[in-house]
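A short write-up of the structure that comes next.
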Amino acid sequence: MRKSSKLLSSLLAAGVVFSTPALAQEKTEFRVAWSIYVGWMPWGYLEDSGIMDKWADKYGIDVEIVQINDYVESINQYTAGAFDGVSATNMDTLSIPSGGGVDTTALIVGDFSDGNDAVIVKGDGDLASLAGKPVNLVELSVSHYLLARALDSVGLTEADLGGVINTSDADMIAAFATSDVEAVVTWNPLVSAILEDPNATKLFDSSDIPGEIIDLMVVNTETLAANPDFGKALTGAWYEVMGLMAAGDEEVLTAMAEASGTDIEGYKAQLASTEMFFDPADAVAFTQSSELPNTMVNVAEFLFDKGILGEGAPSADFVGVTYPDASVTGDAGNIKFRFDTTYMQMAADGSL
């Protein structure tokens with residue numbers, strides 16, 4: 001499952017070495033990591049169905065798509081150079097690889113959460129009623145970010161709570177069932193399971209901050225620059241599957257549902273709270289929008305406030321983020337995160 005971030009300093013202390021080639025070389029074999037989440041299930045289907053192989057063969061390369069059960073570990077391995085790309089959120093890309101000095105490009109903007117992430121309280125209440133209550137969540141994740149945005153909407157801060165309790169996503173459903181837990185923030189499919197409890201009340205979800213929790217396929221910038229066919233193959237394969245999903249292909253959707261541990265109706269319910277960019281032109285328009293830089297500034301400020309925007313980051317502007325119009329937020333002298341519509345535009349133009 002997606003969306004748990006780690007302190008970069010902890011990774012460094014654990015001996016994780018972050019590296020990117022000083023000058024990436026042309027090559028023909030590539031590895032991409034992904035983890036279970038509604039918007040990333042197409043990556044598993046690409047591998048299993050042979051669609052990835054078809055597109056890789058078209059460009060004379062080999063692309064291996066590897067499922068990693070631990071989301072954070074998949075990003076750590078990408079950051080350390082074990083993979084050429086990884087499925088990740090905008091927030092975790094900024095904090096881990098980009099904050100760690102690995103120049104990273106958002107090759108495909110796949111979706112944004114439009115209800116998949118939620119603040120849930122036990123019993124009746126509203127956001128203001130969270131004051132004084134402990135809240136269980138995956139600390140320093142987009143759940144933490146969602147909570148911060150929810151509290152801000154009613155003039156509260158984390159200091160007004162009864163504390164934030166770091167809870168693994170694997171333990172969240174069981175935790176909510178205990179008498180000790182009063183409120184949780186988590187993501188689907190956990191949200192759907194918790195809301196089956198008649199005592200559970202949803203107070204706020206990601207549809208209240210549309211476009212801020214963004215799910216991406218990111219790749220090493222230097223690898224992509226040296227190997228544009230890698231970007232073409234990945235993007236072409238992705239949008240072939242997007243076409244099948246948009247057409248409602250039951251076989252494809254059933255395969256993704258089963259791989260994610262649900263049935264097709266459950267998977268469709270998760271898709272309903274996910275703004276998937278089935279059409280590459282829509283992904284391009286979203287990435288070129290004026291709202292994206294504002295979102296990334298908010299994310300950078302949250303990460304800096306939590307101390308996870310890179311080792312020794314002096315300010316929220318530590319990492320430079322650049323956009324399709326060449327504008328930059330953060331430090332223009334330290335650009336490590338790039339939103340690039342080149343390959344999505346190729347898909348939109350039918351030129352892959």
* Structure fact -> When segment 294-310 is checked residue by residue, the ones that are in a loop (DSSP other than H, G, I, E, B) and either of a type in the set (A, V, I, L, M, F, W, C) or over 27 Å from Pro324 (Cα atoms) (or both) are Lys306, Gly307, Ile308, Leu309
* **Subset of segment 299-350 that is surrounded by 21 or more Cβ atoms within 10 Å (Cβ to Cβ) and at positive phi - its residue that is nearest to the chain's Cα centre (by Cα)** => Gly310
* To do: Return only the number of the condition from (1) open to solvent by 20 Å² or more (accessible area, probe 1.4 Å); (2) touching a residue at least 40 places away in the same chain (Cβ under 8 Å); (3) within 24 Å of the chain's Cα centre (by Cα) that Val164 does not satisfy.
  => (2)
* **Condition met for Met296 (modelled with pLDDT of 95 or more, in contact with a strand residue (DSSP E or B) (Cβ under 7 Å, 6 or more places away or on another chain) and crowded, with 20+ Cβ neighbours inside 10 Å)** => yes
* Only one of Ala150, Ala170 that is in a helix (DSSP H, G or I) and more than 26 Å from Asp70 (Cβ to Cβ) -> Ala150
* Within segment 110-135, work out how many residues are open to solvent by 10 Å² or more (accessible area, probe 1.4 Å) and over 18 Å from the mean Cα position of the chain (by Cα). => 12
* Asked: Just a yes or no: is a residue in segment 89-109 farther than 28 Å from Leu195 by Cβ, open to solvent by 10 Å² or more (accessible area, probe 1.4 Å) and in contact with a strand residue (DSSP E or B) (Cβ under 6 Å, 6 or more places away or on another chain)?
  -> yes
* Taking segment 31-58 as the search range and keeping residues that are farther than 16 Å from Gly85 by Cα and acidic (Asp, Glu), which one is least open to solvent (accessible area, probe 1.4 Å)? -> Asp53
* Determine which single condition Glu275 fails, assuming it passes every other condition in (1) assigned to a helix (DSSP H, G or I); (2) closer than 19 Å to Leu107 by Cα; (3) under 16 Å from the mean Cα position of the chain (by Cα). => (1)
* Structure fact -> Scanning segment 278-293 residue by residue, the ones that are open to solvent by less than 50 Å² (accessible area, probe 1.4 Å) and assigned to a loop (DSSP other than H, G, I, E, B) total 1
* Filter segment 221-261 for residues that are surrounded by fewer than 19 Cβ atoms within 10 Å (Cβ to Cβ) and not in a helix (DSSP H, G or I); which is modelled with the lowest pLDDT? -> Gly261
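The values are calculated or read from the model by the stated rules, or taken from the named source; none is laboratory data. No experiment lies behind these values; they were computed from the predicted model shown. In this analysis, Cβ positions are derived from the backbone assuming ideal geometry, glycine residues included, and neighbour counts consider all displayed protein chains. These accessible areas exclude ligands, DNA and RNA; they are computed on the full protein's heavy atoms, side chains included. Shrake-Rupley method; radii C 1.70, N 1.55, O 1.52, S 1.80 Å.
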